[in-house]
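Undergrad: Sending over a structure as structure tokens; questions will come in a sec.
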Amino acid sequence: MSPPVIEVASFQDILNVIDSKKAQFAQASLFQFMQDSSISPLQRLGFAPCIAHFIMSFGDLNKYVFRDESSTDLIQSAIDKHTYEDDHHWHWFLRDLQILGFDCSQSFVDTLRSLWSNETCITRQLSYRLSAYTLNAEPIVKLAAIEAVEATGNILFGYTTQVAQELESITKQEYIYFGKFHLAVETGHAVKDDDAEVQLGAITLSAEMKQQALDVVERVFDLFAAWLDEMLTYAKLHPVQNRLFPTANSEMSAIKPI
């Protein structure tokens, strides 16, 4: 009697699914909104305050959830290396909020109400659910989740960069987080192709691990798709036409807010 066949898959199978879902993700209504040149470019980034909870939490996700330097696993080591690249981007976000005119004075209580309002409930769930999906997961499953997150970020920042460049031509200001600087470091992958120790596509995984990885990829994309809908609703409900300084407003006055 021949021994049972053990099914082995490659991580390339997971990457192929991520690529397919990434293409679907790029068709979201938010991105159509962001490409509408009849709308003020500032308004097209009007979701910026809405996403604050997740952007500020993302550094902690990298430091305290994705990273595990006690592990000797090569995949986890590659993840750890990546977390040091991603754990400080919130500094750029704060800078852009100020330059875009979103750093408005309000009471601390009102700020908390805004961050934990119903308008931003999906934004908050991103941090909580990503923690649940990855904290105690096998490194290969964690990597699949992070790869899915990176794929969504690559699409999102591709579109924000286009809008930021429009704004830069008006305001003569550089937008680090929403512009080309951030996009340049968002490769769309947690592990670079030239990593000598871990080649993503060549990683093998069992049928069980493959299914767990596929499940987490599905959950991540569903969650981020819901987030885009929340961002779009927020941008449409919060006019921001007059937040920039006068020279910018004068050039954008002929462009409708929404």
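Nothing in this text is a laboratory measurement; each read-out follows from the coordinates by a stated rule. Model, not experiment: these values are computed from the prediction. Here the Cβ is made from the backbone with ideal geometry for all residues, glycine too, and neighbour counts use every protein chain on show.
Undergrad: Using a Förster radius of 41 Å, what is the FRET efficiency between Glu168 and Ala207 based on their Cβ-Cβ separation? Nearest 0.05, please.
TA: So the FRET efficiency works out to roughly 0.25.
Undergrad: Go through the stretch 16-21 residue by residue and turn each phi into a ³J(HN,Hα) via Karplus (6.51, -1.76, 1.60, θ = phi - 60°); whole Hz please, and just put x for glycine and proline.
TA: 3J(HN,Hα) across the stretch 16-21, in whole Hz: 5, 5, 4, 4, 5, 5.
Undergrad: Here is a follow-up. What is the pair-distance distribution P(r) of the chain, computed from all Cα-Cα distances in 10 Å bins starting at 0, with each bin given as a whole percent?
TA: 7, 29, 33, 19, 9, 2, 1, 0, 0
Undergrad: For a footprinting-style exposure proxy, rank Tyr133, Tyr234, Tyr128 by other Cβ within 10 Å, fewest first.
TA: The most exposed by this proxy come first: Tyr128, Tyr234, Tyr133.
Undergrad: What is the calculated FRET efficiency for Leu135 to Asp73, with r their C-beta to C-beta distance and R₀ = 22 Å, to the nearest 0.05? Each step should come with its number before you reach the end.
TA: Values: r = 15 Å, r/R0 = 0.69.
So the FRET efficiency works out to roughly 0.90.
Undergrad: Sticking with this structure for a sec: Compute the distance in nm between two label points, each set 7 Å from the Cα along the Cα-to-Cβ direction, one at Thr111 and one at Thr233.
TA: 2.6
Undergrad: Something else about it: Which one of Thr83, Thr123, Thr233 has the biggest mean-square fluctuation once the chain is modelled by GNM with Cα springs under 10 Å?
TA: Taking springs between Cα atoms under 10 Å, the residue moving most is Thr233.
Undergrad: Sort the stretch 41-82 into rounded, prolate or oblate with this rule: let a ≥ b ≥ c be the square roots of the eigenvalues of the Cα gyration tensor; rounded if a/c is under 1.5, and if a/c is not under 1.5, prolate when a/b is larger than b/c, oblate otherwise.
TA: prolate
Undergrad: Modelled label-to-label distance, Cys104 and Glu85, 7 Å Cα→beta-carbon offset: nm?
TA: So the label points at Cys104 and Glu85 sit 3.7 nm apart.
Undergrad: Once you order the gyration tensor axes a ≥ b ≥ c over the Cα atoms, which shape class does the stretch 12-73 get: rounded for a/c under 1.5, otherwise prolate or oblate by comparing a/b with b/c? Spell out each step's value before the answer.
TA: Values: a/c = 5.17, a/b = 1.50, b/c = 3.45.
The shape class here is oblate.
Undergrad: Positive end of the charge dipole of the chain (Lys, Arg +1 and Asp, Glu -1 on Cβ, about the Cα centre): tell me which of Pro41, Ala226, Tyr175 has its Cα farthest that way.
TA: My answer, from the dipole projection, is Pro41.
Undergrad: Counting only C-alpha contacts under 8 Å and six or more residues apart, can you give the relative contact order of the stretch 8-240 as a whole percent? Intermediate values should be presented prior to the final figure.
TA: Numbers: 281 pairs, mean separation 90.0, N = 233.
The normalised contact order for the stretch 8-240 reaches 39 percent.
Undergrad: Roughly what angle does helix 121-134 make with the longest principal axis of the chain, taking Cα atoms, 0 to 90 degrees, to the nearest 10?
TA: 20
Undergrad: To the nearest 10 degrees, how steep is helix 74-86 against the longest Cα principal axis of the chain, on a 0 to 90 scale?
TA: The angle comes out near 10 degrees.
Undergrad: Fewest Cβ neighbours within 10 Å first, please rank Leu232, Leu115, Leu205, Leu130 accordingly.
TA: Ranked by crowding around the Cβ, least crowded first: Leu115, Leu232, Leu205, Leu130.
Undergrad: Another question, then. Calculate for the chain the 222 nm mean residue ellipticity that helices alone would give, adding -39,500 (n - 2.57) per DSSP H run of length 4 or more and normalising by residue count, nearest 500 deg cm²/dmol.
TA: The per-residue figure over the chain is -19500 deg cm²/dmol.
Undergrad: Let me ask another. Only counting other Cβ atoms within 10 Å, I'd like Met56, Met231 sorted with the fewest neighbours first.
TA: Details: Met56 14, Met231 25.
The most exposed by this proxy come first: Met56, Met231.
Undergrad: Multiply the residue gap between Arg219 and Gln24 by 0.36 nm, knock off their C-alpha separation, and tell me the result in nm, one decimal place.
TA: 68.8 nm
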